[in-house]
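Novice: The structure under discussion is supplied below as structure tokens; questions concerning it will follow.
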Amino acid sequence: MVRDHRGSLAVVVAAALLMAGVAAAVVIWHNRLPDPATADRDGLFRWLVTCDLSQEPPETQLTLARRLEEEFRDGLDCRSTAASLTDEQRTRLWSNVLVLLKPWFFDKVEQYSALAAAERQAYIDRFLASVASWQGVEAFCPPQERTSTESGKSGSLIAILLDSVKQWEAAAASPQKEQLSEFLAAVKSRYVQRLFFAPQA
């Protein structure tokens, strides 16, 4: 009888040690991730494909959002990059991109609101160029999350961003709500202006 109890105790202890080892390995792996502010492209993608960024602090989310914007601006072949990932990694990366949209967008709103009036149009132009550089990012979207409509834009990152912005604006409190509305109005106005007054080929 004593032997049975000792055997059961040994199993419990072994299980506890195994769980502690797994937990320690996860912590060590996470701690080995590079500083997101200085990580190269490979390091950045390690963050995007291994972590649930919704659980990261806002500061980390914002830093990663800014870094991701830099990668898109520098030129990122989304299709070939997506082809090199497993389905699980692509799903995680796409989910994390959606998480980063909010801190990235609100950061843009805050920067715009802090600018002098004479600097704002140039800032909006840079914002529109940044959004345009995301072209092709839908290559990371899992097939089961893709939908199609007559416009062909449903499920695109831009469509998701526009839908999300409406929700953020509705939920925002003053003065953030006013800043958000002012920024959106400026973006729409400048977009239309550029569309109608662009040089004709």
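Novice: Being of a type in the set (D, E, K, R), at pLDDT below 90 and in a helix (DSSP H, G or I) is the filter; apply it to segment 108-162 and report the residue that is surrounded by the most Cβ atoms within 10 Å (Cβ to Cβ).
Specialist: Initial filter on segment 108-162 (of a type in the set (D, E, K, R)): 108, 110, 119-120, 125-126, 138, 145-146, 150, 153.
Among the residues that remain, those that are also at pLDDT below 90 are: 138, 145-146, 150, 153.
Retained after the next criterion (residues that are in a helix (DSSP H, G or I)): 138, 145.
Values: Glu138: 21, Glu145: 13.
This residue is Glu138.
Novice: Kindly state which helices (runs of 4 or more DSSP H) lie completely within segment 23-95 and contain at least 2 residues that are at pLDDT 95 or above and closer than 20 Å to Phe106 by Cα. Lay out the reasoning, then the answer.
Specialist: Working: elements: 41-50, 58-74, 78-83.
Once the helices (runs of 4 or more DSSP H) in segment 23-95 are filtered for at least 2 residues that are at pLDDT 95 or above and closer than 20 Å to Phe106 by Cα, what remains is 58-74.
Novice: Another question, if that's okay. Return a yes/no flag: does segment 67-75 have any residue that is under 26 Å from Ser189 (Cβ atoms), touching a Phe, Trp or Tyr at 6+ places or on another chain (Cβ under 7 Å) and charged (D, E, K, R). Steps first, please.
Specialist: Quick first cut of segment 67-75, residues under 26 Å from Ser189 (Cβ atoms) only: 69, 72-73.
Within this subset, residues satisfying the condition of being touching a Phe, Trp or Tyr at 6+ places or on another chain (Cβ under 7 Å) are 69, 72.
If we keep only those that are charged (D, E, K, R) too, we end up with 69.
Yes, because at least one residue in segment 67-75 is under 26 Å from Ser189 (Cβ atoms), touching a Phe, Trp or Tyr at 6+ places or on another chain (Cβ under 7 Å) and charged (D, E, K, R).
Novice: Within segment 165-185, is there a residue that is at pLDDT 80 or above and touching a Phe, Trp or Tyr at 6+ places or on another chain (Cβ under 6 Å)?
Specialist: Applying the first criterion (at pLDDT 80 or above) to segment 165-185 yields 165-185.
Among the residues that remain, those that are also touching a Phe, Trp or Tyr at 6+ places or on another chain (Cβ under 6 Å) are: 183.
Yes, segment 165-185 contains a residue that is at pLDDT 80 or above and touching a Phe, Trp or Tyr at 6+ places or on another chain (Cβ under 6 Å).
Novice: Cβ contacts < 7 Å: first residue over 18 Å from Thr91 (Cβ atoms), restricted to segment 32-49; second residue of a type in the set (Lys, Arg) and surrounded by 11 or more Cβ atoms within 10 Å (Cβ to Cβ), any location; separation 6+ or different chain. Result?
Specialist: From residues that are over 18 Å from Thr91 (Cβ atoms), the pairs are Leu33/Arg46; Pro36/Arg67; Ala39/Arg67.
Novice: Taking only pairs six or more apart or across chains, which ones have beta-carbon atoms under 8 Å, a first residue in segment 173-186 that is within 16 Å of Leu115 (Cβ to Cβ), and a second residue that is small (Gly, Ala, Ser)?
Specialist: Taking only residues 6 or more apart or on different chains, the pairs are Gln179/Ser113; Leu180/Ala172; Glu182/Ser113; Phe183/Ser113.
Novice: Considering only residues that are under 14 Å from Gln176 (Cβ atoms) and not hydrophobic (A, V, I, L, M, F, W, C), look in segment 98-137 and name the one that is farthest from the chain's Cα centre (by Cα).
Specialist: Filtering segment 98-137 down to residues under 14 Å from Gln176 (Cβ atoms) leaves 102-103, 105-114.
Still in the list and also not hydrophobic (A, V, I, L, M, F, W, C): 102-103, 107-108, 110-113.
Working: Lys102: 8, Pro103: 8, Asp107: 13, Lys108: 14, Glu110: 18, Gln111: 18, Tyr112: 20, Ser113: 22 Å.
So the residue we want is Ser113.
The values are calculated or read from the model by the stated rules, or taken from the named source; none is laboratory data. A quick note: this is a predicted structure, and the numbers were derived from the prediction, not measured. Because the Cβ atoms are built from the backbone with ideal geometry, glycine has one as well, and the counts that use them run over all protein chains shown.
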